[in-house]
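The values are calculated or read from the model by the stated rules, or taken from the named source; none is laboratory data. Just so it is clear, the structure is predicted and the values come from calculations on it, not from any experiment. All accessible areas refer to the heavy atoms of the entire protein, side chains included, with ligands and DNA or RNA removed. Shrake-Rupley method; radii C 1.70, N 1.55, O 1.52, S 1.80 Å.
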Amino acid sequence: RSVVVCGNTATTAGLTVSVSREDHGEMTLEAGALVLANQGICCIDELDKMTCDPHALLEAMEQQSISVAKSGI
């Protein structure tokens, strides 16, 4: 399993987890590229040109996990 992401167009939510609201008001979590590449490889092209916060990748690289801290979810 592998996921390829372009660093200059990636967002922090796109790499980790994003929250979306359904039509009937329920909130759901949507997996980002790092979560989708679980037990596989996530290739981030143009890492040096990332516009989002690169610190979002530190937990995933160091601890190999992604924690979600969204209020009320």
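If you roll a 1.4 angstrom probe over the protein chains with everything in place, what fraction of the accessible area of region 6-73 belongs to carbon and sulfur, to the nearest %? Let's see the in-between values first.
Values: 2390 of 4820 Å².
Carbon and sulfur: 50 percent of the exposed surface of region 6-73.
For every helix of n ≥ 4 consecutive DSSP H residues, a contribution of -39,500 (n - 2.57) applies; sum these over the chain, divide by its total residues, and give [θ] at 222 nm rounded to the nearest 500 deg cm²/dmol.
Details: 3 runs with 14 residues, N = 73.
One gets -3500 deg cm²/dmol as the mean residue ellipticity at 222 nm.
Counting only DSSP beta bridges with both residues in the chain, tell me the antiparallel percent, nearest 5. Please list the in-between numbers first.
On the way: 5 of 10 bridges.
The answer is about 50 percent antiparallel.
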